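What follows is a single structure, written as structure tokens, with notes after it.
The values are calculated or read from the model by the stated rules, or taken from the named source; none is laboratory data. Being a predicted model, the structure only gives us computed values, none of them experimental. Positions of Cβ are backbone-derived with ideal geometry, glycine not excepted, and every protein chain shown enters the neighbour counts.
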């Protein structure tokens, strides 16, 4: 199961995103749920997605994470564009 495999690894960056119509909010965690970036807001647009990806890349490089898992929490269809962008960026994406 994915959850057990992630818990065993220390090289996975975990990201939770609260998806919204205009502005999403993300939190980034490392191993043992260590909070690395408590809140990062970005707009629901291509440029907002790119800003988010650049920030994730900085954190990933700084801490040496090999993989990124993004959990999207959404009550509507607002996650579709972000989900596609994240998959195309090479991230593992799950709905929570």
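Within the range 63-70, can one find any residue that is closer than 18 Å to residue 96 by Cβ, touching a helix residue (DSSP H, G or I) at 6+ places or on another chain (Cβ under 8 Å) and touching a residue at least 60 places away in the same chain (Cβ under 8 Å)? Taking every residue of the range 63-70 in turn, at least one turns out to be closer than 18 Å to residue 96 by Cβ, touching a helix residue (DSSP H, G or I) at 6+ places or on another chain (Cβ under 8 Å) and touching a residue at least 60 places away in the same chain (Cβ under 8 Å). The listed residues are 48, 41, 30, 16, and the only one of them that is within 19 Å of residue 84 (Cβ to Cβ) and more than 11 Å from the chain's Cα centre (by Cα) turns out to be 48. The residues of the range 72-88 that are modelled with pLDDT of 95 or more, within 24 Å of residue 31 (Cα to Cα) and surrounded by fewer than 17 Cβ atoms within 10 Å (Cβ to Cβ) amount to a single one, 87.
Residues that are surrounded by 16 or more Cβ atoms within 10 Å (Cβ to Cβ) and more than 16 Å from residue 94 (Cβ to Cβ) were ranked within the range 1-30; the one that is modelled with the lowest pLDDT is 30.
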